[in-house]
Structures are given as structure tokens and as C-alpha cells.
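Colleague: Okay, here's the structure, questions in a sec.
The values are calculated or read from the model by the stated rules, or taken from the named source; none is laboratory data. Here the structure is a predicted model, which is why all the values come from computation and not from measurement. Here Cβ is always computed from backbone atoms with ideal geometry, including for glycine, and neighbour counts include all displayed protein chains. Side chains included, ligands, DNA and RNA excluded: accessible areas come from the protein's heavy atoms. Shrake-Rupley method; radii C 1.70, N 1.55, O 1.52, S 1.80 Å.
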Protein chains: 2
Amino acid sequence: MIVVFTGGTGGAKLIEGLAAEITPAELTIICNTGDDAVFHGLYVSPDIDTIIYTLAGMIDTDKGWGIKHDTFEALKQLDRFGAESTWFTLGDRDLATHIMRTKFIGQGLKLSEITDRFRRTLGVQPRVLPMTDERVESRLETPEGEISFQEFFVRDHWAPDVTRVRFAGAEQSSPAPGVTEAIRRADAIIIAPSNPITSIGPILAVPGIRAALLARNAPVVGVSPLIAATAISGPAHKLMVSCGLTPSALGVAQYYAGLMDKFFIGREDQGLASDISARNINPLCTDIRMPTAASKRHLAREVLASIGK
Amino acid sequence: MIVVFTGGTGGAKLIEGLAAEITPAELTIICNTGDDAVFHGLYVSPDIDTIIYTLAGMIDTDKGWGIKHDTFEALKQLDRFGAESTWFTLGDRDLATHIMRTKFIGQGLKLSEITDRFRRTLGVQPRVLPMTDERVESRLETPEGEISFQEFFVRDHWAPDVTRVRFAGAEQSSPAPGVTEAIRRADAIIIAPSNPITSIGPILAVPGIRAALLARNAPVVGVSPLIAATAISGPAHKLMVSCGLTPSALGVAQYYAGLMDKFFIGREDQGLASDISARNINPLCTDIRMPTAASKRHLAREVLASIGK
């Protein structure tokens, strides 16, 4: 069984490749929920949805989120009604997910139960686990005050200066059912090319998960979300700087030091290999961009080969 | 000020005519909420929505409910997710209303406050008041058990035998703010051509409303929702039989006896005029069908003329 730590877009690409290269049921995905937010009273879990939509073949691959061919009539109407936060784009089909999730939460179901119900309904073979069933929220300190990740990322187009990132609620949270067991029993663990600060960071902040990873019986292999000083997509490099890290694959390796055994980095970053090796992480240079289905499978095959699969 | 008691479709047609014939702000609409229901965790108030959509020029006039040119992507997705009650057709734009209402209810707002907010946002001049802010639910007893009005009307296409109709919660309810004051201060009161049992019946079942109508200072004029033995639309005649009433304009007159002074009936029902007069109700025969905008205005003008407007 292979465990993958992931956020949304970048991680989803690798997971799409992995699910095509091995028996999908052998995968267990541990998903960031630090970006979860309530919009219009509906509970939205963007990374879980991106992973499930991807594995169900429903994802809008152009955007990297949402459901393909979705329409936006409800959102336009919400906007006409003067609703807040209509900058967060919710498609009509996508809304069905959030409506159902919110209904189930109201009935007392846990996020992990709801997620499992969704992935089964949509025929998704891999287990998809939220990192926790509790609310943990990535909060970004800016000169204008603290904002959520979605406010920073979507509303403000990651323009604000970020002086600090914290995971509100993390200390009181515990791993969702199955998370630490999955890590303990894994044949290998993959850290997807997701934002280290706001995608993998919240997962590691849930008490018990970092410890489970430190006590691992299986190899941990990561894939860098950065090439040179910039994230392949999104604001990872900017948030790394905010957290005092070097914005590079080396900075990511430092962040994961002690937790990771092998690390795929871009060919462009071959010059970082010796510094990464010095941190007891085995660097593996390859093409880490995944613009096509073939490149997703190709990188997945390389990652699997590195763990003897 | 003119007060209108109404349900959805039939009442909305007359109200559309009234709003075109007098200053809309002179109208106060008292709306049935006995058909309200929760679908997918969202609070739906069908009659209020039909009235507001009508007055906002948004109504799907072909169907008599919902928003014109609406799409149904979220509903189709809910159906794929295995959601219950997808027989209740909710359009994508329409969903925005229910999402917003549910959010506001969660914030502690009353249905009357939410309704007022909606109608102002949509530029609707008449005041629209729910009959009550409490939950009152029309429950229909059938041989297979008790069902809601929407289950009877939409899901079961009004096929089940109905042996009894009750308004659950009515005894504990009270009129929404402004309702009894509007009745007391009205220059005239109109009972729209709505289902007497499940549209007007719930309004009259809210303690205080019937009494306010009995103590009226202003004339009450009704419009029959039936021609001969059949409702112009919907199951009014069937439910009248269930409640031991004659399915005809005369049966409606009997149901409203003591509450109504004048009653517009179809020319086809001229033969009922003397029996209606015998109940101290002045029958007025005219064309009560409203298939066109012109016929809505025409009937509205006649109704207004009957109360000296």
C-alpha cells in the first residue's frame, strides 16, 4: 500500500499518474484540509474535491480544479443577491458536492465519513482521507491583518505580503481515522509536489502525523513543487520566503529534512543535488513538470521505481 | 393599502396584474409557508419565491414557478450523488435563493427578515410577508401514511388519496411581524385564487389571522381558483373533497364564509351565484382565467373596481 500526502493541483497530477500506473486501490491519499472554508454557508474542501474529481475523471484539467464543463449560474445569481465571497468560483455541479457535504455535516457525519461516501459514489478506488476531522485552518498574517488561504490565493491573487503562516486549531486536532495506521502500514510514502507551507505543512501540523512519519518503516519519496526559485504553479515560493525558507528545491528538502529519504527535483536544479544529499536525502533529477497525461504517468513511474514498485 | 392572501402560481398571476394596475408599494402580500420544505439541507419557501420572482419579473411564466431560463446542473449532479428528493426541481439560479436563505437562517434571521431582504435586493416594491416565522407544515394523510404537500403535489403528481389535511405546528405559531397590523390597516383585502386548503388554509390556521380577518374594517374580496368542479391549475378540487367540501366555487365560498364579502367566480359558474349570495357573499361573474399578461391586468382591474380602487 502506498500513501500519498497531498494538497490540490500539483499533487492531483502526480496522483492521476500513480492511479494509472498501479492498482488504484493500493493508494491511500492523505489530503490537506487547511484550505477548507465555508462559502455561502456551504462547507468547501478544495483539496479533497480536486483529488476526488481527478480520480473520478471529472476534473477540469485546464483549470486544475472544479468539474469539467461546469456552469456558473448559481454563483452569478448569488452575486446578484449581494452574497459575499463570490470571488471563490463555485460551479453549479461543484455546488452539489458542497451542498451534500454540508447536509451530511449537519447530520453529524465526520469529514472522513463524507469523503469516503463521496469517493465510493463516484467510483474512486483509492482511499481518500482528510488529514483530520477537526477544523484546522491555514491563517496568513499580512500587514492588513490575518486572512485565510483562499482569501490570499483566490481573492487577493497572492499579492499581499505574508509575514507568518499558522495552522489555527492544529494543536487541538487529531489525525482522521486511518491516517496514522496508513502511514505505519505503508510500503512507501510519497510527498506530492504540493505547496510545502500550506498543503503539506497543515498535514504535518496535526499532532501524531509528523511523529508517525518520523517513525516510518517505509521509504518516503518527495517530488519538488519548485523549479529554480519558483513554484511550478501557485505561491509556494512566496510562502516559503515568508516562513524563512529558501525558495528552491533545496529549501523544500530542508523543510522535509528527517521526514524524507528521496527527493525528485527538476533537471534544472541538478546543481542543488549535493546540498540535498548533505541533508541525508537522496536527490533524483528528472523532468518534474506534468503538463500532459503521459508526463503524469511518466513521473509516477519514476517515483514508483524509486521505491521498488 | 391592499393586502393579498396568497399561495403560489394562481395567486401570483393576480398579483402580477395588481402590481401593474396600482402603485406596487400599496400592496402587502401575506404568503403561505405551509408548503415550505428542506431539500438537500436547504430551506425552500416555494410560494414566497414564486411571488417574489413574479414581482421581480424573473418568474418562469411557462411553468409558473422557478426562474426563467434557469439551468439544472446542480440538481443533475445531486442526483448522480444519490441525493434524496431530486424529484423537487431546483434550478441553478433558484438554488442561490435557497442557499442564501439557509445561510441567513443559520445566522439567526427570521423568515420575514430574509424575505424582506430578498424582495428589496430584487427591487420588489410590494411588502411580502410570510404568514408566520414559525414552521407550519401542511401534512396530508393518505392510506400509505402522512406526506408533505410537496411529496403529494410534485413527487406523487397528486395521485394519492388524501383522507385528511392538517397544519402541523399551526397551534404554536403566531403571525409574522406586520401581518395582523396589515390586515387591520388595510383598505381592502384580496384572497387570491389559490388552493383554499393548502395555500389559504395554512394562513387562516395561524392563530390571530382568522380573528383579524373576522374583525376586518375593510372589504374582503376573493377570486375563485375553481371553474365548475375543477381547479384552474393544481389539486384544489381534490383536496376540497378530502376535507368534505364541494369542489366548486360554492364550496370555496362556504369555506370562506364569514371571512369574505365579494367573490369573483367564472362566468361558467353563474348558476352558483344565488347559493353564494345566500352565504352573505356577493358573487361577481367574470372571466377568471389568466393565461396572458392582459388577462391578469384585466381581472386585477375588475377586482380593484369591486373595492372602489
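Colleague: Which ones in segment B:207-223 are surrounded by 14 or more Cβ atoms within 10 Å (Cβ to Cβ) and outside any loop (DSSP other than H, G, I, E, B)?
Modeller: Correct list: B:Ile209, B:Arg210, B:Ala212, B:Leu213, B:Val220, B:Val221, B:Gly222, B:Val223.
Colleague: Looking at segment B:113-136, is at least one residue open to solvent by less than 20 Å² (accessible area, probe 1.4 Å), over 23 Å from B:Ile2 (Cβ atoms) and touching a Lys or Arg at 6+ places or on another chain (Cβ under 7 Å)?
Modeller: Yes: segment B:113-136 contains one or more residues that are open to solvent by less than 20 Å² (accessible area, probe 1.4 Å), over 23 Å from B:Ile2 (Cβ atoms) and touching a Lys or Arg at 6+ places or on another chain (Cβ under 7 Å).
Colleague: Follow-up question, since we're still on this one. Checking the condition in contact with a strand residue (DSSP E or B) (Cβ under 9 Å, 6 or more places away or on another chain) and either modelled with pLDDT of 95 or more or under 21 Å from A:Asp133 (Cα atoms) (or both), which residue from A:Leu245, A:Leu239, A:Leu214 passes?
Modeller: A:Leu239
Colleague: Only one of (1) closer than 27 Å to B:Leu250 by Cβ; (2) crowded, with 19+ Cβ neighbours inside 10 Å; (3) out of contact with any Gly (no Cβ under 8 Å at 6 or more places or on another chain) fails for B:Ala192. Which number is that?
Modeller: (3)
Colleague: State all residues of segment A:23-54 that are over 14 Å from the mean Cα position of the chain (by Cα) and away from chain B (no Cβ under 14 Å); if no residue qualifies, say none.
Modeller: Residues satisfying the conditions are A:Thr23, A:Pro24, A:Ala25, A:Glu26, A:Leu27.
Colleague: Within segment A:224-303, considering only helices (runs of 4 or more DSSP H) that don't extend past its boundaries, which have at least 2 residues that are more than 22 Å from A:Lys13 (Cα to Cα) and hydroxyl-bearing (Ser, Thr, Tyr)?
Modeller: A:273-277
Colleague: Tally time: how many residues in segment B:1-38 are under 13 Å from B:Lys296 (Cα atoms) and open to solvent by less than 10 Å² (accessible area, probe 1.4 Å)?
Modeller: 6
Colleague: Here is a follow-up. Could you tell me which residue of segment B:109-122 is nearest to the chain's Cα centre (by Cα), considering only residues that are touching a residue at least 60 places away in the same chain (Cβ under 8 Å) and within 11 Å of chain A (Cβ to nearest Cβ)?
Modeller: Restricting to residues being touching a residue at least 60 places away in the same chain (Cβ under 8 Å) and within 11 Å of chain A (Cβ to nearest Cβ), the top hit is B:Phe118.
Colleague: Now a separate question. I'd like the full set of residues that are β-branched (Val, Ile, Thr) and in contact with a Leu (Cβ under 8 Å, 6 or more places away or on another chain), limited to segment B:138-159.
Modeller: Hit for segment B:138-159 is B:Ile147, nothing else.
Colleague: Find the residue count for segment B:95-108, including only residues that are open to solvent by less than 30 Å² (accessible area, probe 1.4 Å) and facing chain A (nearest Cβ under 8 Å).
Modeller: Number satisfying all stated conditions: 5.
Colleague: Sticking with this structure for a sec: Counting only residues that are over 19 Å from A:Val136 (Cβ atoms) and either open to solvent by less than 60 Å² (accessible area, probe 1.4 Å) or in contact (Cβ under 8 Å) with a residue 40 or more places away in the chain (or both), how many does segment A:237-254 have?
Modeller: Selection size over segment A:237-254: 11.
Colleague: If you go through segment B:123-148, how many residues are in contact (Cβ under 8 Å) with a residue 40 or more places away in the chain, small (Gly, Ala, Ser) and within 24 Å of B:Ser85 (Cβ to Cβ)?
Modeller: 2
Colleague: Is one or more of the residues making up segment B:48-57 open to solvent by 30 Å² or more (accessible area, probe 1.4 Å) and within 21 Å of B:His157 (Cα to Cα)?
Modeller: Looking through segment B:48-57, none of the residues is open to solvent by 30 Å² or more (accessible area, probe 1.4 Å) and within 21 Å of B:His157 (Cα to Cα).
Colleague: Now a separate question. So which of A:Ile22, A:Ile48, A:Ile15, A:Ile30 is β-branched (Val, Ile, Thr) and within 30 Å of B:Gln107 (Cα to Cα)?
Modeller: Step by step, each of A:Ile22, A:Ile48, A:Ile15, A:Ile30 is checked, and only A:Ile48 is β-branched (Val, Ile, Thr) and within 30 Å of B:Gln107 (Cα to Cα).
Every residue, every condition in (1) more than 24 Å from A:Ala205 (Cβ to Cβ); (2) more than 14 Å from chain B (Cβ to nearest Cβ), yes or no:
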site: A:Phe81; (1), (2): yes, no
site: A:Phe88; (1), (2): no, no
site: A:Val128; (1), (2): no, yes
site: A:Thr132; (1), (2): no, yes
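Colleague: In the list B:Gly145, B:Gly169, which residue meets the criterion of being open to solvent by less than 40 Å² (accessible area, probe 1.4 Å), of a type outside the set (Asp, Glu), more than 14 Å from B:Pro207 (Cα to Cα) and out of contact with any Pro (no Cβ under 9 Å at 6 or more places or on another chain)?
Modeller: One residue alone meets the criteria, B:Gly145.
Colleague: So if I check each of A:Leu304, A:Leu226, A:Leu259, which one is at pLDDT 95 or above, within 30 Å of A:Glu151 (Cβ to Cβ), open to solvent by less than 40 Å² (accessible area, probe 1.4 Å) and out of contact with any Pro (no Cβ under 8 Å at 6 or more places or on another chain)?
Modeller: A:Leu259
Colleague: In segment B:276-301, what count of residues is obtained for those that are more than 22 Å from B:Thr54 (Cβ to Cβ) and open to solvent by 20 Å² or more (accessible area, probe 1.4 Å)?
Modeller: Final tally of qualifying residues: 8.
Colleague: Does any residue of segment A:178-186 turn out to be closer than 24 Å to A:Ala56 by Cα and either open to solvent by 50 Å² or more (accessible area, probe 1.4 Å) or within 14 Å of another protein chain (Cβ to nearest Cβ) (or both)?
Modeller: The answer is no, given that none of the residues of segment A:178-186 is closer than 24 Å to A:Ala56 by Cα and either open to solvent by 50 Å² or more (accessible area, probe 1.4 Å) or within 14 Å of another protein chain (Cβ to nearest Cβ) (or both).
Colleague: Identify, please: which residue in segment B:64-79 is acidic (Asp, Glu) and assigned to a helix (DSSP H, G or I) and is, among those, farthest from the other protein chains (Cβ to nearest Cβ)?
Modeller: Ranking the qualifying residues of segment B:64-79, first place goes to B:Asp79.
Colleague: Do the conditions hold for B:Asp92, that is, is it at the interface with another protein chain (Cβ under 7 Å from one of its Cβ atoms), touching a Ser or Thr at 6+ places or on another chain (Cβ under 6 Å) and not hydroxyl-bearing (Ser, Thr, Tyr)?
Modeller: Criteria met by B:Asp92.
Colleague: Name the residue that is most open to solvent (accessible area, probe 1.4 Å), counting only residues in segment B:262-275 that are more than 18 Å from B:Ser194 (Cβ to Cβ) and of a type outside the set (S, T, N, Q).
Modeller: My answer is B:Arg267.
Colleague: Looking at segment B:183-191, can you tell me whether even one residue there is under 27 Å from B:Asp269 (Cβ atoms), part of a helix (DSSP H, G or I) and without any contact (Cβ under 8 Å) to a residue 40 or more places away in the chain?
Modeller: no
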